[in-house]
């Protein structure tokens, strides 16, 4: 099982879109200032919180959905529904 998710930074108002097979671990990584694997969320400061998630069966599906959500149409969807 994989997750496609969107995070919201309460500090900057920025949105981050990603995919993972372990959502709890990934959220902790995004909020860990010492993690070197999260360049965008480290640079744009948190705290980050999940405001959208969707479950899919395969990583291929998750990657396709992530790409779609990062498109102009997907960004517009999140702009309208962001907290």
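Every read-out reported here was derived from the displayed coordinates using simple, explicitly stated rules and does not represent laboratory data. These figures come from a predicted structure and were not determined experimentally. Note that we place each Cβ from the backbone using ideal geometry, even for glycine, and neighbour counts take in every protein chain shown.
Assorted remarks:
- Neighbour counting of Cβ atoms within 10 Å sorts the residues 32, 57, fewest neighbours leading, into 57, 32.
- Kirkwood hydrodynamic radius (C-alpha pairs) into Stokes-Einstein, the chain, 37 °C and 0.692 mPa s, D in µm²/s: 255 µm²/s
- Modelled this way, with points 7 Å down the Cα-to-C-beta line, the labels at residue 49 and residue 63 are 3.3 nm from one another.
- Taking a ≥ b ≥ c as the square roots of the eigenvalues of the alpha-carbon gyration tensor, segment 1-47 is classed oblate because a/c is 1.5 or more while a/b is no larger than b/c.
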